[in-house]
Amino acid sequence: MDWFYKFPHMDDGALRDLKKAIDDGFRGFTRSYGEIIEGFFTPLQHFLIASERFMLKTPWPIITLLILAIAYAATRSLRIVAGCLATLMLIGYFDMWEDTMRTISMIFVCTVLSIAIGIPIGIVMARSDRVQRVINPILDVMQTMPSFVYLIPVVMLLGIGKVPGLIAVVVYAIPPMIRLTDLGIRLVDKDVLEAADAFGADNRQKLFKVQLPLALPTIMAGINQTIMMALAMVVIASMIGVQGLGQPVLKAIANQYFTLGMFNGLAIVGIAIMFDRVSQAYGKRLQKHREIVHG
């Protein structure tokens, strides 16, 4: 009756050999193509370094004014701008400015990369049900896979540093961008598309002048979720050398520094709320504009 209580499984020796074969194959792939893959990501590294240098070398009043100007341009809300100002002042007052700027530069690069990759994939998914059926399971795996697991292949391929952390964050954060781009385009009213066809619009004109503008509020929701998920990955990415607010939190966990962990954790929360309010308010403005223009 052992079979009734113990689930039948692969022979231990065969399972061990299978795992060893997969590990050896991946190590061989890393040795053969690791340098080529690392060279492929060199422009991304330069972009990240330039973004971080700009955030750190620019005087803090200019950075603060720039962030507040972006917040006001996106929201037209003095209340949200005041909240952003208070958050930045508290972060600076408690000596977390440099780590915060590193984190913001990382989130900025991750968001730009996610938009550049996610929107085209979402467009292709919206245009083809077959492509959607193929990509959806991949996105399911990306969203449900434990975040620590992303670090293993990335570190084996590229080692420890900023670029491996950036790639891990993008892989974790990009699924909402793809899904909501696909959803936004599919939700465009069929009558609007028929009207565009009646006026002689080709597929390119329909995409850029009808579908994407009408789907923009939904796409903005995808950007919002991507930013939130990227911030959630900051502490985990610090384990492989990503500098910013995540490293003090990791240090606090290792050494049981309660105050250090709380302060930097609250700084991450403050940035997340700031980005969330600004992106949500901008999405609502786009929604209102669409309702006014299209009745």
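The values are calculated or read from the model by the stated rules, or taken from the named source; none is laboratory data. The structure presented is a predicted model; accordingly, all values stated were derived computationally and were not measured. Methodologically, a virtual Cβ is constructed for each residue, glycine included, from the backbone with ideal geometry; neighbour enumeration extends over all protein chains shown. Quick note on the areas: whole protein, heavy atoms, side chains included, nothing else; ligands and nucleic acids left out. Shrake-Rupley method; radii C 1.70, N 1.55, O 1.52, S 1.80 Å.
For the reader, a short list of remarks on this structure follows.
- Contact map, segment 132-155: first residue at pLDDT 80 or above, second residue open to solvent by 80 Å² or more (accessible area, probe 1.4 Å) and acidic (Asp, Glu), Cβ cut-off under 6 Å, separation 6 or more or different chains; the map is empty.
- Looking only at segment 4-32, and only at residues there that are touching a residue at least 40 places away in the same chain (Cβ under 8 Å) and either over 21 Å from residue 154 (Cα atoms) or not hydrophobic (A, V, I, L, M, F, W, C) (or both), the one that is surrounded by the fewest Cβ atoms within 10 Å (Cβ to Cβ): 27
- Meets criteria (in contact with a helix residue (DSSP H, G or I) (Cβ under 9 Å, 6 or more places away or on another chain), of a type in the set (S, T, N, Q), in a helix (DSSP H, G or I) and open to solvent by 60 Å² or more (accessible area, probe 1.4 Å)) for residue 243: no
- When we screen 148, 208 for residues that are in a helix (DSSP H, G or I) and under 30 Å from residue 31 (Cα atoms), the only hit is 148.
- Selected residue (criterion: surrounded by the fewest Cβ atoms within 10 Å (Cβ to Cβ)) from residues of segment 186-240 that are among the polar types (S, T, N, Q) and within 30 Å of residue 265 (Cα to Cα): 225
- Residue 256 vs. criteria on the phi > 0 side of the Ramachandran plot, surrounded by fewer than 16 Cβ atoms within 10 Å (Cβ to Cβ) and either of a type in the set (Gly, Ala, Ser) or assigned by TED's automatic domain parsing to the domain that holds residue 167 (or both): yes
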